[in-house]
1. Can you say whether residue 304 is of a type outside the set (D, E, K, R) and part of a loop (DSSP other than H, G, I, E, B), as far as the supplied structure shows?
2. Search segment 188-206 for residues that are within 17 Å of residue 148 (Cβ to Cβ) and pair each with any residue that is surrounded by fewer than 16 Cβ atoms within 10 Å (Cβ to Cβ) when their beta-carbon atoms are under 6 Å apart and the residues are at least 6 apart or on different chains.
3. Looking at 153, 109, 161, 202, which one is more than 30 Å from residue 23 (Cβ to Cβ), at pLDDT 85 or above and of a type in the set (Ser, Thr, Tyr)?
4. Can you confirm whether segment 365-377 contains a residue that is within 27 Å of residue 490 (Cα to Cα), among the acidic types (Asp, Glu) and assigned to a helix (DSSP H, G or I)?
5. When residues of segment 483-511 are filtered for being within 13 Å of residue 444 (Cα to Cα) and not β-branched (Val, Ile, Thr), how many remain?
6. Looking for whichever is at pLDDT 75 or above, farther than 30 Å from residue 485 by Cβ and of a type outside the set (Asp, Glu) here; the options are 562, 535. Which one fits?
7. Conditions first: (1) at pLDDT 95 or above; (2) surrounded by fewer than 20 Cβ atoms within 10 Å (Cβ to Cβ); (3) part of a helix (DSSP H, G or I). Residue 336 passes all but one, so which condition is the exception?
8. Could you identify the single residue in 439, 394 that is part of a helix (DSSP H, G or I) and touching a residue at least 12 places away in the same chain (Cβ under 8 Å)?
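The values are calculated or read from the model by the stated rules, or taken from the named source; none is laboratory data. Everything numeric here is computed off the predicted structure, so don't read it as measured data. Cβ: placed from backbone, ideal geometry, glycine included. Neighbour counts: every protein chain shown.
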Amino acid sequence: MRVNYYRILLALFDAAIVNISLVLALFIRFDGALPAKYFVMYKEIVLPLTFINLIFFYMFGLYSQIWAYASIGALLSIVGATFCGSVCVAAYMYLSGLVRFPYWVLITSFLIKTLLVGGSRFSWRVIRERLFLRKQPKKKRALIFGAGDAGESMIREMIKSNGHCPYLPVGLLDDDRNKKGMTIHGLKVFGGRKDIPKIIKSRNIEEIIIAIPSADSGVIREIVNICNGVNIKYKTLPAIYQLFEGKVTISQIRDVNEEDILGRKPIRFDDSELALNVKGRVLLVTGAGGSIGSELCRQISRFYPSKLILFGHGENSIFNIDHELKETYKNVELIPVIGNIRDKEKVRNVIAEHRPSVVFHSAAYKHVGMMERNPHEAYLNNVIGTRNVAQACIEHSVERFVLISTDKAVNPTSVMGHTKRQAELLVQGLSKNSKTRLITARFGNVINSRGSVIPIFQKQINERKPITVTHPDVVRFFMTIPEAVQLVLRAAFMGEGGEVFVLDMGEPVKILDIAKELISLSGLKAEEDIPIQFIGLRKGEKLFEELNSKEEKLLPTLHKKIRRVVPVMSSAR
């Protein structure tokens, strides 16, 4: 049996504290002149006094905690242990009738004992933190912007890291004036965002960590602009919707990216109803290896369907999403299927074999320029492929079919837009005489999807090449991939058949502004470091996109961020 010398030494130290506290209490009570009878009484009680207190110290876990990380919970344990020990010692003395100390001696002894035990435990944490904060010259001197829960957690993680964290926290910033001058873990809140230039000079700051995951894009942009103005590096935590699982850790610090400049707050939905609709059911996703399809599979898997069929044409992409989900969701049965939606018999056989309750049709050709060069392929994939999947769902009594569409289907000017509009009309037509509920979810551009303008811009910036923008006035709606998928999932169980649903995506964003923001977020300056070239609108491209046409009307749904598209004539009846 291994002897834990640390615990033995700690217990001996506590035994000394217990006895010292009683002796000090006696001296305080009698002004330093201890009567002989009380010294005799003390010798009679010394063993039970020590034994009873150590038992309670053990019961309250004072010998099983790592005191370098002592917290409020540890303090409560100390108070509980010393209080119970004092009460039981008093009860022992008065019930046995052997010794009777004055009440004030016992109360004073309890207070001294609590102070000494607590001080001894927390002093190690204080010493460790002071050493951490003062003796790490190789680390980056960082300011934490945000004196809230995320900022506190971040500082605590840095202190706990035992030297592995690359940052040395120097202080905090927060726009809440009430927090200025206050401290968190010994670090002072110096001021707000307007104080950044002054603080980084006076404190030799090398980097700012933005620890306000709930902040909207406007706040992030302003902080980033201030940092760029004084040439200070910056990083941030994930957005709040990415932190709904797990706690804030050092590993989550990342560069400010394109999602932080989204022109509105990312939309979050209540998952409780969705969980009821997905759990235990069979679902199928076409295009499961694509940007939207793979995210659909991730979010569906969170609610544990009985089976999820991953249907896609690309072998590598299907392998990747299948492998990822198997690592994360071990209780979900995953069926990877390599197939083409143009193959009518293949689609029929897969649906007939697995009998899904819901089919999400994500497979499509989406690149505008490429489809202008290959219109026949666009038609075969986006129209005929959609018809194959929708008809197979109807033939095999699938409960729901969801077509994923695009704002380019509204007043289309491109081959891709025309094919997606035809797919929408096809689904609406098939829904009229079908028990299967066929629904369309329409949304704009998604950040970081394949073929999206943002990854192209990022590649050009990384290679220090000019950013190519088609036109200075071109605007687009943008949303994150998780938001787009949430819309699709809600629409799947909201519609009764034949509806087109769109998401309230806020105001459209100028592509030129996005290019400038991405250059700024990379720590560079537009035109000076990265030039911007205007190359003209490509064939099929529009200056602006729309979520509904003049012949369509937007009506509210049960969710304030989701609208239903209705033809003007039918809505007037």
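1. On the way: of a type outside the set (D, E, K, R): yes; part of a loop (DSSP other than H, G, I, E, B): yes.
Criteria met by residue 304.
2. 189/182
3. That would be 202, the only listed residue that is more than 30 Å from residue 23 (Cβ to Cβ), at pLDDT 85 or above and of a type in the set (Ser, Thr, Tyr).
4. Taking every residue of segment 365-377 in turn, none turns out to be within 27 Å of residue 490 (Cα to Cα), among the acidic types (Asp, Glu) and assigned to a helix (DSSP H, G or I).
5. Result for segment 483-511: 10.
6. 535
7. (3)
8. Residue meeting the stated conditions: 394.
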